[in-house]
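Heads up, the thing below is written out as structure tokens.
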Amino acid sequence: MRKMIFAAAALVFGAAMAAVYSGSAVAQKHKTAAEGNWIEGVSDGRNLVVDMTYPVSDKFPAWPGDDRVFEAKANATVEKDGYFTRSFWMLEHYGTHMDAPAHFPPGKITLDQIPETHFFGPAVVIDVREEAGKDADYRLTAVRVKKWEAVHGEIPRGAIAVLRTGWGARVPDAERYRNMDANKVMHFPGYSVESAKFLIERGVVALGIDTLSVDYGPSKNYEVHRVDLPAGLYNLENLAHAEELPESGSYIIAAPIKLEGGSGGPCRVFAVLPPK
């Protein structure tokens, strides 16, 4: 029975991949991968899995002003009780996490209400490390997204966008990661409203980034949050190991905690890479 369920799940996953990539240059480039059994490919090593999640602890660089971010304490110890358990407390928006649409009204969907199908999608990795290296306040433009499409084909509906800025190399140094100036203004790259609107038109389900926010550091109004979340997208922030993904051809699985009424919450994010 387990084998039957596993096989059925693998077929669904493979069919979804084929459907997503059909009708574009991406389809031709990744046809073999899409038709293959990606699920079984993980277990036998044909498909590499990249964990894009930072461990949850009090060591990750927090948003300025968030002094209390994570706490854990032992409820039972092996020495005293013969087993080990802990309780923990943390902010919803800390470490690698997901922003639900309800985070910024008029978005209404809470973390537990996001459609499950939106947690799975082909990764559209836009590499702006060169631009961000020259300008810490770089914001992705629609022109730059179109440049990606010129190489890889039109962005498929249901995709998960990932902006690769290179900022992950600054973790765990909070000072370098926040990159705050003398006026307490942070400086790191992000999306622009223009690029967010373009990606929404393309039908992506999420915006992801390897920085503290999808909005660039100096933002005061969180303008990108105010555009994409009310449109029904979610955000993935503080992604790890984005440099290990190809610009196209990988598949993302984002699994947030099912927190009832949550404006966001910790999220385990995996990228499944094409077969070797």
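Annotations for the structure displayed:
- Filter result for residue 269 (modelled with pLDDT of 95 or more, surrounded by 24 or more Cβ atoms within 10 Å (Cβ to Cβ), at negative phi and part of a strand (DSSP E or B)): yes
- Residue 141 being hydroxyl-bearing (Ser, Thr, Tyr) and surrounded by fewer than 17 Cβ atoms within 10 Å (Cβ to Cβ): yes
- Pairs, first among the aliphatic types (A, V, I, L, M) in region 142-154, second open to solvent by 20 Å² or more (accessible area, probe 1.4 Å), C-beta under 7 Å, six or more apart: 142/194; 142/198; 145/198
- Among the numbered conditions (1) open to solvent by 10 Å² or more (accessible area, probe 1.4 Å); (2) touching a strand residue (DSSP E or B) at 6+ places or on another chain (Cβ under 6 Å); (3) of a type outside the set (S, T, N, Q), the only one that residue 254 does not meet is (1).
- Residue within region 201-215 that is farther than 18 Å from residue 97 by Cβ, surrounded by 16 or more Cβ atoms within 10 Å (Cβ to Cβ) and among the aliphatic types (A, V, I, L, M) present: yes
- Scanning region 257-266 for residues that are open to solvent by 60 Å² or more (accessible area, probe 1.4 Å) and over 13 Å from residue 113 (Cβ atoms) yields a total of 1.
- Checking each residue in region 191-200 for being open to solvent by 10 Å² or more (accessible area, probe 1.4 Å) and either within 12 Å of residue 143 (Cα to Cα) or of a type in the set (D, E, K, R) (or both) picks out 192, 194, 197, 198.
The values are calculated or read from the model by the stated rules, or taken from the named source; none is laboratory data. The structure presented is a predicted model; accordingly, all values stated were derived computationally and were not measured. Don't worry about glycine lacking a Cβ; one is built from the backbone with ideal geometry, like all the others, and counts go over all protein chains shown. Remember, those area values only see protein heavy atoms, side chains included, never the ligands or the DNA or RNA. Shrake-Rupley method; radii C 1.70, N 1.55, O 1.52, S 1.80 Å.
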